[in-house]
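Please treat every number below as a calculation from the coordinates, not as lab data. Since the model is a prediction, treat every value here as computed from it, not as a measurement. Cβ atoms come from the backbone with ideal geometry, glycine included; neighbour counts cover every protein chain shown.
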Amino acid sequence: MPKRPREAIPNATLYNLRDARGMTQLEVAHALNELAAKHDKAIHIDNVTVSRWERGVIERPSPLYRRLLAELFDVSLDELGFTRPASVATPHVAGNAVGIGALVIDQSPMSVEPRVQADQDQWRATRAFLNRHRAELGRVAARLYDPDQRLDNTGLLTRSGWLPDYPVSLTSIELDLLDDAPGPTVTGTATEARGVRPLATVASRYERYSHGIRDLAHPVLFENRLSYRLLGAGLTSTTPRMSFSHTTYFEGIDIHEALGHELATVVDRSSDDEVSRRTPSWRGLPLRRLIGDPCDFTRRSSLVSLSTLTIRDDGKEPSFVLHDRSAARVAIAGGTLHVMPAGTFQPSSILPGAQAEDFDLWRNVMREYSEEFLGNREHGGDGAPVDYGSQPFASLDAGVRDGRAQIYCLGLGLDALTLNAEILTVAVFDADLYDDLFAEMVASNDEGTIVTVDGTMAPTNAIPFDRFTVPRLIEHTAMAPAARGCLQLAWDHRKALFGE
């Protein structure tokens, strides 16, 4: 069982082995995955797991992982530095086992107790159902709450003080980072969340929902990064303000995705075409009942996402782009159409200097433009801080300063399905600046593909922002609630956005 970080004893031996090779934790993870694949073993190790081994949070990995580490670093099992060393008997190589140097890999299929296998299969099926029906389930979840808490029929919840009468400049919002904020009282380890955590063994379930995703339904992008936890917001005052503390991505997943899974478990009794007509009872939603008031951020670790509707304004026929997010690639809002860019509010690096520079909503949006529109690598993890004086950040910043790009906050909402907080924003670019910035816009990125439509002459990703297209998209497509909210509010404020 993993130790609490304060109780863990770092594995200096393992760290030194990695350091001597000049490898990062991510490079070790990739090497182990490739090594396992050569031996026909399907595993997924990430840099977070390697970090937990080195920090002693996991003091003794499974035998397979230890053997792979030993082969990677060309040492014996006893030289890996893990506690409680086991005696190594002379291996018996027979049947499907093959010897590779000092390493013996058993290639026979891994046996899983039938009851555990059945439970994990059902968990995967429910998660697939969740990803297939997020758009409908968001509207179903919204019906659990009072009508005055809902943002029309978007699948978002909101409250007084979250929706300004007019779009607010995103850069005018003052941010507070509270280092002494109390910790959450509701986490993914509560008894009420037991039903959404799959069995790990006959006698125990996974400790957290994120652990189940990691081992049983791992998307391509799934890393436990430092993130900002929303504590409060007031966007209707003269000085709009938001307050945050720190959390981690997985702590948010343990609540948000667990809530979605819980609702999907109840609704999954119906066939696919009946999903939107279901209204589940609170009786089958113990985790959601435990949370209580969805707008009370003191009780849980709430991730907050920045979802930005990007509009190209040529003075005649404004247009925007949509993103088809792949459930195989992302853990949040997978299987939906979404505005782009969209991403979790989090620093680009764990380094203190980067955290100070990155505690800025516009900079977070700029990094997402770099990744989603231009296909640049993810700005995150434990690497060097982002240089905001480089491209495309310098040009994006310049566009905002000279008025050729205007970035507004339309309000704050909660995805009713997951209770993930969503800062709803819109960016209006002059056509010339848009065409210059995004001349090399990609057709797909790490999170999905850009939606194309049949234009008058050829397929295009420019979707008309008009009175015919916007309502149809909101009502009749599998659109993420945050995307619906951005489109709905931007349409409501179109006169202010376009200076009419």
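For the chain, what does -39500 (n - 2.57) per DSSP helix run (n ≥ 4), summed and divided by total residues, give at 222 nm, in deg cm²/dmol to the nearest 500?
The helix-only estimate for the chain comes to -9500 deg cm²/dmol at 222 nm.
Give me the log10 of I(q) over I(0) for region 120-497 at q = 0.10, 0.11, 0.13, 0.14 Å⁻¹, as the Debye formula computes it from C-alpha points; what are the numbers?
Here log10 of I(q) over I(0) equals -0.60, -0.73, -1.05, -1.24.
Once a ≥ b ≥ c are taken as the square roots of the eigenvalues of the Cα gyration tensor of region 7-86, is the result rounded (a/c under 1.5), prolate (a/b larger than b/c) or oblate (a/b not larger than b/c)?
rounded
With the cut-off at 1.5 for a/c, could you classify region 457-500 from its C-alpha gyration tensor as rounded, prolate or oblate?
Oblate.
Pairs of Cα atoms under 8 Å, at least six residues apart: use those to get the relative contact order of region 341-456, whole percent.
Computed value for region 341-456: 23 percent relative contact order.
Got a sec? Charge dipole of the chain, +1 on Cβ for Lys and Arg, -1 for Asp and Glu; which of 116, 220, 43 is way out at the positive end?
Toward the positive end, the furthest listed residue is 116.
Which whole-number percent gives the relative contact order of the chain, counting Cα pairs below 8 Å spaced six or more residues apart?
16
Can you give me the pair-distance distribution of region 137-239, C-alpha pairs, 5 Å bins, whole percents?
Result, from short to long distances: 2, 8, 12, 12, 17, 19, 15, 9, 4, 2, 1, 0 percent.
What's the exposure ranking of 255, 43, 350, going from fewest to most Cβ atoms within 10 Å?
350, 43, 255
Roughly how big is the chain's charge dipole about its Cα centre, with Cβ charges of +1 (Lys, Arg) and -1 (Asp, Glu), in debye to the nearest 20?
1760
For the chain, give me the percentage of DSSP beta bridges that are antiparallel, rounded to the nearest 5 percent.
The antiparallel proportion sits near 75 percent.
Quick one: grab the alpha carbon gyration tensor of region 272-337, order the square roots of its eigenvalues as a ≥ b ≥ c, and give me rounded if a/c is under 1.5, else prolate or oblate depending on whether a/b is larger than b/c.
Judged from the Cα gyration tensor, region 272-337 comes out prolate (a/c at least 1.5, a/b above b/c).
For q values of 0.20, 0.21 Å⁻¹, compute log₁₀ I(q)/I(0) with the Debye formula on a Cα-only model of region 312-426, without solvent.
Once normalised to I(0) and log-transformed, intensities are -1.34, -1.44.
Tell me the angle of helix 12-21 to the major Cα principal axis of the chain, expressed in degrees between 0 and 90 and rounded to the nearest ten.
Around 70 degrees separate the two axes.
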